[in-house]
Amino acid sequence: MTLPLASCGSGDTVEGAPDGRTAAEVCRIWRDGHVENDKAPWTAGSDKCDPGVFSESGLDDTLRRINMFRELSGLPPVTEDKPQRVQQQACAVLMHANQALSHDPPPSWACWTKAAADGASSSNLAIGWRMPGAAIDGLMADVGVSSVGHRRWLLGFFLGKVGLGFAGDATCVRVFDETGVTDRPWTAFPPAGPAPIAMLEGFGRVPWSFQAADGIEGAQVSMRLAKDGSEIPVESWIPDVGYRIPDAIVWQPPRVSAGDKYRITVTRPAKDPVTYDVELVDCSSAP
């Protein structure tokens, strides 16, 4: 919140990774996921505590952005939890009115309601983005959040429904849900295979991460240039286990470049190593 198993050559399919996608296909998913059909998705109410209206098109745009990241990671899509709309919109208005974020907002905050507080306690929170889709991009980048908790929630193996709220520049995404089903053993950010470099740009130094359904205790990670096998020194850490959130190892690589392919190997005691390649592509120049 505010918060395969063997080495693969360039032509091989990576077990556990989205299979067989070309760079062009990945870039199509990226571009389609960034379609914004409503450039003004929130209509303000009569006063600052009025939840106003988060448009259906805006809701669809936000859900599309979340599912774009999940599709790129090989995860099934989520749906909107419509009964949560009132709560999530109250949450967004609360954050917008106070220009602050809190998972436990005090009753002294302007526009505080129990519904808003309940939404805040179960949501990824973002502020400062005038479009909710852009907020999703920021939550996925998770710069400055050592646990990359927002990302881990949105890429949760068992996430099936999300609640959405948006007001002004504040976004609330309810992620307390375990209705999803997947047999994926792991996922990564950036994802294995071709990956748009744009997901790493514009946010500062974006940490990379790997999360596994069967735990991450004792994990270590190495990163190499695939073309020559030269090792890239990285600082890695394992965040504390979070509430209902996939275990992960996180690392901070140095500057990366479009066109380069990086080979990631994650080792864990008493488990087979996982090796996968990430090829960063510039979707702005892709067909």
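If R0 is 25 Å, what FRET efficiency do you get for residue 53 and residue 104 from their C-beta distance, rounded to 0.05? Present the calculation step by step, with values, prior to reporting the outcome.
On the way: r = 27 Å, r/R0 = 1.09.
Result of the calculation: an efficiency of 0.40.
Please identify which residues in region 199-224 have an amide N closer than 18 Å to a label point set 7 Å out from the Cα of residue 237, following the Cα→Cβ vector.
Label zone hits: 204-211, 216-222.
Plugging the Kirkwood radius over Cα pairs into Stokes-Einstein for region 168-287, at a temperature of 20 °C and a viscosity of 1.002 mPa s, what D comes out in µm²/s?
135
Report the per residue volume, in Å³, of the convex hull enclosing the C-alpha atoms of the chain.
Values: hull volume 34.0 nm³, N = 287.
Roughly 118 Å³ of hull volume per residue.
What do you get for Rg/Rh over region 28-174 if you use C-alpha atoms and the Kirkwood form of Rh?
Details: Rg = 14.2 Å, Rh = 15.0 Å.
So for region 28-174, dividing Rg by the Kirkwood Rh gives 0.95.
With a cut-off of 14 Å, note down the residues of region 254-287 whose backbone N falls inside the zone around a label point 7 Å from the Cα of residue 225 toward its beta carbon.
254-263
Straight distance only, please: which aspartates and glutamates reach the Cα of residue 39 with their own Cα at less than 18 Å, same-chain residues fewer than 8 apart left out?
56, 60, 61, 137, 169
For residue 114, go through the lysines and keep the ones whose alpha-carbon is under 23 Å away, minus same-chain ones fewer than eight residues off.
48, 82, 161
None of the figures in this text is laboratory data; all of them are computed from the coordinates on show. What you see is a predicted model; the values in this text were computed from it and never measured. Quick reminder, even Gly has a Cβ in these numbers, built from the backbone with ideal geometry, and neighbours come from all protein chains shown.
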